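The values are calculated or read from the model by the stated rules, or taken from the named source; none is laboratory data. Worth saying up front: this structure is predicted, and the values here are computed from it rather than measured. Positions of Cβ are backbone-derived with ideal geometry, glycine not excepted, and every protein chain shown enters the neighbour counts.
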Amino acid sequence: MDIYNVIKKPRVSEKAAVLHETTGEIVLEVAVKATKIEIKQAVEMAFGKKVATVRTANYDGKVRRKRTKDAGTAPAWKKAYVRLAAGETLDLV
């Protein structure tokens, strides 16, 4: 998988900012089929930083209803918590 297809965008939230300040982890939205090894390689190649660990979480798409009461679903997505090696920093915001 191409590194530019693995990382979709950073997840910017208050929880992610606190996590980055305290533990040095960054939160990214990644491709659903991306593995931890692919995520690690993509971050190291794209940002030039050494990665210590990667944790992932899968989220199912929520049911969304329209006016006509037709039910659809929002797409499923995957979140990755990437902890950088000691001494490494990265500012995405």
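Numerical summary
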quantity: Residues of the range 13-31 classified as over 10 Å from the mean Cα position of the chain (by Cα) and of a type in the set (A, V, I, L, M, F, W, C), total; calculated: 4
quantity: Residues within the range 1-10 that are outside any strand (DSSP E or B) and loosely packed, with under 10 Cβ neighbours inside 10 Å, tallied; calculated: 1
quantity: Residues that are under 16 Å from L90 (Cα atoms) and crowded, with 16+ Cβ neighbours inside 10 Å, drawn from the range 11-38; calculated: R11, A16, L19, H20, G24, E25, I26, V27, L28
quantity: Hey, V27 of a type in the set (V, I, T), touching a helix residue (DSSP H, G or I) at 6+ places or on another chain (Cβ under 6 Å) and under 14 Å from A80 (Cα atoms) or not; calculated: yes
quantity: Unique match (being more than 12 Å from I7 (Cα to Cα) and surrounded by 16 or more Cβ atoms within 10 Å (Cβ to Cβ)) among V63, V54; calculated: V54
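Per-residue answers, yes or no, for (1) among the basic types (K, R); (2) modelled with pLDDT of 90 or more; (3) under 12 Å from the mean Cα position of the chain (by Cα):
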{"residue": "A42", "(1), (2), (3)": "no, yes, yes"}
{"residue": "T53", "(1), (2), (3)": "no, yes, no"}
{"residue": "P75", "(1), (2), (3)": "no, yes, no"}
{"residue": "K79", "(1), (2), (3)": "yes, yes, yes"}
{"residue": "L90", "(1), (2), (3)": "no, no, no"}
